[in-house]
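The values are calculated or read from the model by the stated rules, or taken from the named source; none is laboratory data. Since the structure is predicted, the reported quantities are computational estimates derived from the model, not experimental observations. Neighbour counts run over all protein chains shown; Cβ positions are idealised from the backbone, glycine included.
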Amino acid sequence: MRWPSCGKDRDNGMNPPGGSTEVSTDEVRRLHRVLARPGFLGDVLENLECIVLVLDLECRIVRFNRYFETLSGYALDEVRGGSWLELFVSPDEESRVSALWERTLAGGETPGAENEVRMRDGTKRRVHWSNRAVEDDDGVVGVLAIGHDVTDLSRANEQMQETAARMQAIVKTAGEGIITIEEDGTIRTFNRAAEKMFGWTADEVVGKNVRALMPEPYRSEHDQYLRHHVETGEKRIIGIGRGVAGQRKDGTIFPMHLAVSEVDPLDSRVFTGIVRDLSAEKELERHLDRVSAEERQRLAQNLHDELGGTMTAISILGSLLQRRLQESGSPEAERAALLVEQIREAQEQVRGVARGLLPVSTDPAGLMAALRGIARRTNEVAGLECSLECDAELEVHDRTVANHLYRLVNEAVENVVRHAHATRAQIRVVVEDGKALFLVEDDGRGLPEQAGPGRAGMGLRTMKYRAGLLGASFAVRSPPAGGTVVCCAVALERLGTGAGA
Amino acid sequence: MGILDGSRTGGGPLLADRRRRVLVVEDHVAMRNALHALIEAEPDLVVCGEVGTVAEALAGLDAVPDLVLVDLCLGPDDGFLLLETMRSRYPKIPALVVSSLDPEVYGARVRAAGAVDFVPKHEAANRLVSAIRGVLTAGPAH
């Protein structure tokens, strides 16, 4: 049986082109002869790896190829003349398929038509059809349908969609904020946890620059970070993860952990940031610090008041005893003098321990006095010219804060003494914009290129940690003029008020 | 009279007694005893009372001592309260502060509150007696 030719276009490209024979070589002419051989195209269609189906105007089966015989389990002879719709189409899809059929008969295109085709064993295969009306000179006589079995493909597609949906659900319900940005900083996705954390809805921020989620100075500098990474490939945060500051929609700043990974899909570079709000952890850390500070304070107070008092009493009585023995010309006077000397030493040790535990006196003016003490000791002991300059006598009511600030300044000054090769250092306390700035400046050799794992680096980390506990910002830089400036800026409200501090 | 026996014999205002009378306000017992011994080791000084609270100190002031030794930390009480009360009610009685608090922080404030001098506690053995004499010579700061 011959396959019908389709459409009005008699020249289906299989005939040798007439007229332009000048390009024909001998081989091409022979090839055309083979193509024109009766039954050749029939054989091709018969063995094609797709369904080739011919239906008459009543949608009855006229022909299908061997491929479909194998696929469906029916021999053509068994079903020839049978209704395609009844035999192969499930009732729930019948009306849709009929509509497609009508459209095909009317000469319309039916691109992408798909339906389930019922096989002999009851299984169903999903088939993607490309249909065309078959016409002769008097009009349409039937339909030629070419079908591709897309069951496996659509199953894979479904699975992919399912996987994507599951991934989306994971991202959506994750406890961590997950934000993806493009290489220019434009936010592409923003999950629910991120919405909760930052107070912005995804609709509000997607398409905006990720700068909106961070406070100054990061906000102004972020473009530069991104550009630096894109240009140099240098990784400062990518793949590392670290504590940074985030800013909520209402302007509040909060500590968060940010881990950035770089995804390089085919279309463009994407960065994924996973953020965790550390407010609660920091709060706990602060609480623990406060508890341990209070414990230290109690201990110091006790050492200072109780043991210190007793030691002083012993020292006074010892002096009196020594004097008496001396006046009476006793040979024991010398031994008593030694005793008194040792008592004094012990007394100094107790005072030293108490001062170590609680360097700043409990009075609001204690911090400034203690800072003055740092300057004086540095002058006297370290042989470095050191002075304290302050706008005003700053009162610090919160003892924990006062002691941290003291230690921070002390560490900065010690760093100067040990590492800076400076001739002078200055401690400055400046009050501006609702903040108290504690600056330690020196005229030394400046910061080493990288404050790495050395002792200076460790000192910086400790200072930074302290500043973190105070919710203060901390910066170290070497001005072009030389030297180093350490700056810790703490909000005045952190210093505590007289009441309840 | 022994220096370590804690005797309290010098307190009575004897007519013939020319010794200057010192009221000791200190809540630390061992310290109070030591101050007592230190003062009474001087032939011209006598402890006329030893108390540990502001209320007791105010009661002791009625006996009009020549000088009051004031500790700033008196348990729950504050030595400043005593200094200020003395300034308003007994302006003629001089006060000398003996304290373990940082003189750098409290020195000026103590003087502003009316004390004549501030002796750090750990230096009391060496400096207190001469400071007492200095205050007795100078009189009250008010």
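Quick notes on this one:
- For segment A:368-378, filtered to residues that are in contact with a strand residue (DSSP E or B) (Cβ under 8 Å, 6 or more places away or on another chain) and closer than 22 Å to A:Gly496 by Cα, the residue that is farthest from the other protein chains (Cβ to nearest Cβ) is A:Leu371.
- Checking each residue in segment A:368-386 for being in a helix (DSSP H, G or I) and farther than 23 Å from A:Val401 by Cα picks out A:Asn379, A:Glu380, A:Val381, A:Ala382.
- So A:Val381, is it within 12 Å of chain B (Cβ to nearest Cβ) and more than 23 Å from B:Ala108 (Cα to Cα): no
- Output for segment A:204-251, where each listed residue is out of contact with any Leu (no Cβ under 8 Å at 6 or more places or on another chain), among the aliphatic types (A, V, I, L, M) and not in a helix (DSSP H, G or I): A:Val206, A:Met214, A:Ile238, A:Ile240, A:Ala245
- The number of residues in segment A:463-490 that are hydroxyl-bearing (Ser, Thr, Tyr) and assigned to a loop (DSSP other than H, G, I, E, B) comes to 1.
- Residue match in segment B:92-102 (condition: at negative phi, at pLDDT below 90 and out of contact with any helix residue (DSSP H, G or I) (no Cβ under 8 Å at 6 or more places or on another chain)): yes
- Every residue from segment B:114-142 that is under 19 Å from A:Gly366 (Cβ atoms) and within 13 Å of chain A (Cβ to nearest Cβ): B:Pro120, B:Lys121, B:His122
- Selection status of A:Glu395, within 14 Å of another protein chain (Cβ to nearest Cβ), more than 17 Å from B:Glu123 (Cβ to Cβ), in contact (Cβ under 8 Å) with a residue 24 or more places away in the chain and touching a helix residue (DSSP H, G or I) at 6+ places or on another chain (Cβ under 9 Å): yes
- Where a residue in segment A:214-239 is touching a residue at least 40 places away in the same chain (Cβ under 8 Å) and its partner, wherever it lies, is in a strand (DSSP E or B), with Cβ under 9 Å and at least six apart: A:Leu226/A:Ile181; A:Leu226/A:Phe271
- Members of segment A:423-458 that are modelled with pLDDT of 90 or more and among the aliphatic types (A, V, I, L, M): A:Ala425, A:Ile427, A:Val429, A:Val430, A:Val431, A:Ala436, A:Leu437, A:Leu439, A:Val440
- Of note, B:Val22 does not satisfy the criterion of being within 14 Å of another protein chain (Cβ to nearest Cβ), of a type in the set (Val, Ile, Thr) and either under 18 Å from A:Asp363 (Cα atoms) or crowded, with 20+ Cβ neighbours inside 10 Å (or both).
- Scanning segment B:114-142 for residues that are buried (at least 21 other Cβ atoms within 10 Å of the Cβ) and among the basic types (Lys, Arg) yields a count of 1.
- Within segment A:345-367, the set of residues being more than 8 Å from chain B (Cβ to nearest Cβ), part of a loop (DSSP other than H, G, I, E, B) and touching a Phe, Trp or Tyr at 6+ places or on another chain (Cβ under 9 Å) comprises A:Pro359, A:Val360.
- Restricting attention to segment A:301-320, the residues that are among the charged types (D, E, K, R) and facing chain B (nearest Cβ under 7 Å) total 1.
- The residues of segment A:463-476 that are surrounded by fewer than 17 Cβ atoms within 10 Å (Cβ to Cβ) and over 16 Å from A:Tyr218 (Cβ atoms), listed by number, are A:Tyr465, A:Gly471.
- Of the listed requirements (1) modelled with pLDDT under 90; (2) within 12 Å of chain B (Cβ to nearest Cβ), A:Arg298 misses just one: (2).
- Restricting segment A:213-244 to residues that are under 17 Å from A:Asp277 (Cβ atoms) and surrounded by 15 or more Cβ atoms within 10 Å (Cβ to Cβ), the residue that is nearest to the chain's Cα centre (by Cα) is A:Gly241.
- In segment A:321-342, the residue that is surrounded by the fewest Cβ atoms within 10 Å (Cβ to Cβ) out of those that are at the interface with chain B (Cβ under 9 Å from one of its Cβ atoms) and touching a helix residue (DSSP H, G or I) at 6+ places or on another chain (Cβ under 6 Å) is A:Leu321.
- Number of residues in segment A:277-295 that are out of contact with any strand residue (DSSP E or B) (no Cβ under 9 Å at 6 or more places or on another chain) and either within 12 Å of another protein chain (Cβ to nearest Cβ) or not polar (S, T, N, Q) (or both) equals 13.
- A:Ile314 satisfies every condition listed in (1) under 19 Å from B:Leu128 (Cβ atoms); (2) within 55 Å of the chain's Cα centre (by Cα) except (2).
- Qualifying residue in segment A:266-285 (condition: in contact with a helix residue (DSSP H, G or I) (Cβ under 6 Å, 6 or more places away or on another chain) and touching a residue at least 24 places away in the same chain (Cβ under 8 Å)): yes
- Put simply, of A:Arg155, A:Arg126, A:Arg166 the only residue that is surrounded by 11 or more Cβ atoms within 10 Å (Cβ to Cβ), out of contact with any helix residue (DSSP H, G or I) (no Cβ under 7 Å at 6 or more places or on another chain) and among the charged types (D, E, K, R) is A:Arg155.
- Hits in segment A:75-103 - residues which are hydroxyl-bearing (Ser, Thr, Tyr) and either in a helix (DSSP H, G or I) or within 58 Å of the chain's Cα centre (by Cα) (or both): A:Ser90, A:Ser95, A:Ser98
- Residue, nearest to the other protein chains (Cβ to nearest Cβ), within segment B:75-113, restricted to residues that are crowded, with 23+ Cβ neighbours inside 10 Å and either touching a residue at least 60 places away in the same chain (Cβ under 8 Å) or not in a helix (DSSP H, G or I) (or both): B:Leu101
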